[in-house]
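**Q** Quick one: the structure is below, questions incoming.
Any read-out appearing in this document is the output of simple, stated calculations on the displayed coordinates, not a laboratory observation. Model, not experiment: these values are computed from the prediction. Here the Cβ positions follow ideal geometry from the backbone for every residue, glycine too, while neighbour counts run over all protein chains shown.
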Amino acid sequence: MTEFIDVDQFRKLLKGKFVIVFGGYSGLGYENPEAVRDEVRKNLENLKVRYGDRLIVVSGATSVGIGLVYEVAREMGVSTLGIVSDQVNSEDVSRFCEYVLLVSDPHGTWEVKTENGDSYMVEAARYGEMIYFGGGQVANSEIMEARLKGIAVTVLSDFMPDPEIIKLKMKNKGT
């Protein structure tokens, strides 16, 4: 069952943990989700050997796109935390996500930023590292901020969004 937490609980939850932030495409999905799933599993297997029960997976809380990390993590017995805009539809939150931090997003940007403009994803990654499977504007912003702050970021650019979803979005934009 998913537990919604506040910022103080978020920060307390991450103390003493090794955080792996997974980012990438969300609503656009992936052209080959099984390849993403396999790569996530491989990364988590290696990290679990090194960090054991200290390991926690952080991503964007939804089940779509990169949100498949939650199911993989749950299968492997790894704790999960989602950080997502309060614009999210509650039905879209992954049922495999243990904890969720809803972030105020009055402008509907889908960015998860503190009042100071810093990303909560990057804050979480201070306790570990980030792995991004491609991604759009929000992912790029998080990657840039993390790199400026000296946080380890791996970008796997071979993972492409689902072309069918892109076609649909382009078609809907034209109408």
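**Q** From the phi of every residue in segment 117-125, what ³J(HN,Hα) in whole Hz does the Karplus formula 6.51 cos²θ - 1.76 cosθ + 1.60 yield, where θ is phi - 60° and glycine or proline is x?
**A** Ordered by residue, 3J(HN,Hα) equals x, 8, 6, 5, 4, 5, 4, 4, 5 Hz.
**Q** While we're looking at this one, here's another question. Modelled label-to-label distance, residue 116 and residue 137, 7 Å Cα→beta-carbon offset: nm?
**A** The answer from the label model is 2.5 nm.
**Q** To continue, here is another question. Please list, in chain and number order, the residues 5+ apart from residue 79 or on another chain whose amide H is under 5 Å from its amide H, with Hs placed from the backbone.
**A** Hits under the 5 Å cutoff: 57.
**Q** Antiparallel versus total DSSP beta bridges in segment 37-126: what percent is that, nearest 5?
**A** Here the share of antiparallel DSSP bridges comes out near 20 percent.
**Q** Given H placed on each backbone N at 1.01 Å, which residues far from residue 119 in sequence or on other chains put an amide H within less than 5 Å of it?
**A** The list, which skips near neighbours in sequence, is 114.
**Q** Of 161, 33, 106, which is the most mobile in a GNM of the chain whose springs link Cα atoms less than 10 angstrom apart?
**A** 106
**Q** Also: Select from 90, 63, 141 the residue whose mean-square fluctuation is largest in a Gaussian network model of the chain (Cα-Cα springs shorter than 10 Å).
**A** 90
**Q** Through the Karplus equation 6.51 cos²θ - 1.76 cosθ + 1.60, θ set to phi - 60°, convert the phi angles of segment 82-99 into ³J(HN,Hα) values in whole Hz; use x for Gly and Pro.
**A** Per-residue couplings from phi come out as x, 10, 8, 4, 6, 6, 5, 7, 4, 5, 8, 6, 4, 6, 9, 8, 6, 10 Hz.
**Q** List the pairs from 17/149; 113/167; 12/42; 15/113; 12/149; 149/169 whose alpha-carbon separation is above 24 Å, in the order I gave them.
**A** Long pairs (Cα-Cα over 24 Å): 113/167; 12/42; 149/169.
**Q** Scan around residue 4 for amide H atoms under 5 Å from its own, H built in the peptide plane at 1.01 Å from N, and keep only partners 5 or more places away or cross-chain.
**A** Amide H to amide H, under 5 Å and 5 or more residues apart or across chains, residue 4 pairs with 100.
**Q** Along segment 129-141, what does the Karplus equation 6.51 cos²θ - 1.76 cosθ + 1.60 (θ = phi - 60°) give for ³J(HN,Hα), rounded to whole Hz, x for Gly and Pro?
**A** Computed from phi, the couplings for segment 129-141 are 7, 10, 10, 10, 9, x, x, x, 4, 5, 4, 4, 4 Hz.
**Q** Sticking with this one: With a cut-off of at most 12 other beta carbons within 10 Å, and DSSP calling the residue loop, which GluC sites (Glu not before Pro) in segment 114-175 qualify? Please list them.
**A** 115
**Q** If the viscosity is 1.002 mPa s and the temperature 20 °C, what Stokes-Einstein diffusion coefficient in µm²/s follows for segment 3-174 when Rh is the Kirkwood radius over Cα pairs?
**A** 134
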